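Below is one structure, written out as structure tokens, with a few remarks after it.
The values are calculated or read from the model by the stated rules, or taken from the named source; none is laboratory data. What you are looking at is a predicted structure, and each value in this text was computed from that prediction instead of being measured. Here Cβ is always computed from backbone atoms with ideal geometry, including for glycine, and neighbour counts include all displayed protein chains.
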Amino acid sequence: MPALSDKHSALHTQARWHWLVLAALLATIPAFYIELLEASPHAVGRGVYLLAALALGLAQWQLARLHAQARLYLRRQWLDGLLVLGLLASAVAPASGEFGLPLLLRFAVAGLSLLRMTDILRPWITRGSLRHVLALSAAVLGVCGIGFWLLEPRAQTIGNGLWLAFTTAATVGYGDIVPTTLASKIFAVFVVLMGYAAISLVTASIAAVWVESTERKIEQDILRELHAEVRALREELRALKQDSTR
């Protein structure tokens with residue numbers, strides 16, 4: 001029992017540090033656009049990148065201490081080490097007002113952060129319930145719609161932002177509202193990655209419900225036929241017993 005309690009405590013501690021990493025990586029999203037929209041280096045964006053790097057490094061150090069082989073754990077977590085270096089580099093790099101090496105650096109860090117956040121949220125994302133998937137997809141499209149509303153001048157209302165988020169995620173591209181600024185175009189890349197994945201989860205869950213209902217009906221038909229055959233066999237055995245007693 002003490003060993004089980006210690007294991008439960010360790011898992012709880014790991015979950016808390018993982019949520020700290022998730023919060024730090026989420027904070028880099030507005031920092032990316034602060035640096036992108038500002039014509040000169042912005043202290044807030046730089047500070048967020050620096051704090052995110054410190055939080056990620058501290059979390060990995062604490063998680064390694066909980067692991068039986070700390071060095072092996074740190075070696076396997078190469079993505080986190082790369083992220084720490086990328087966040088530190090983003091904190092000291094020049095502003096990303098125009099396309100160039102600083103923008104490419106922060107764009108690469110944003111992609112790595114998205115991969116890390118997906119890894120942390122994977123157990124919660126893949127629960128499989130249709131209601132859960134629908135709620136997750138609605139939340140993703142809602143956040144993307146608000147992002148377009150803030151970043152795209154042509155999306156003058158939240159409704160326009162949500163519509164642009166849906167058409168971008170679904171790769172429909174009607175063309176009535178399109179990203180026009182550098183910030184909204186970069187944001188559209190992440191919307192396609194996250195939104196298309198969310199929509200795919202919805203379609204896969206609906207298909208799974210249909211397949212599951214069809215399989216359940218087939219199983220019921222097989223059981224019904226099996227019960228009928230068992231009843232017929234019992235009647236034949238009963239008839240044979242009656243014939244043998246005569």
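Here are some notes:
- Selected residue (only one of Gly175, Gly161 is under 30 Å from Gly100 (Cα atoms), assigned to a helix (DSSP H, G or I) and not β-branched (Val, Ile, Thr)): Gly161
- The sole residue among Leu74, Leu121, Leu115, Leu101 that is surrounded by fewer than 18 Cβ atoms within 10 Å (Cβ to Cβ), touching a Gly at 6+ places or on another chain (Cβ under 8 Å) and either in the same structural domain as Phe32 (by TED's automatic domain parsing) or at pLDDT below 85 (or both) is Leu74.
- Across the range 213-223, a minimum of one residue is classified as in the same structural domain as Phe148 (by TED's automatic domain parsing) and either small (Gly, Ala, Ser) or within 30 Å of Leu115 (Cα to Cα) (or both).
- Filter result for Ala208 (assigned to a helix (DSSP H, G or I) and out of contact with any Phe, Trp or Tyr (no Cβ under 7 Å at 6 or more places or on another chain)): yes
- Inspection of the range 173-183 identifies at least one residue that is within 30 Å of Phe148 (Cα to Cα), surrounded by fewer than 17 Cβ atoms within 10 Å (Cβ to Cβ), among the charged types (D, E, K, R) and not assigned by TED's automatic domain parsing to the domain that holds Leu36.
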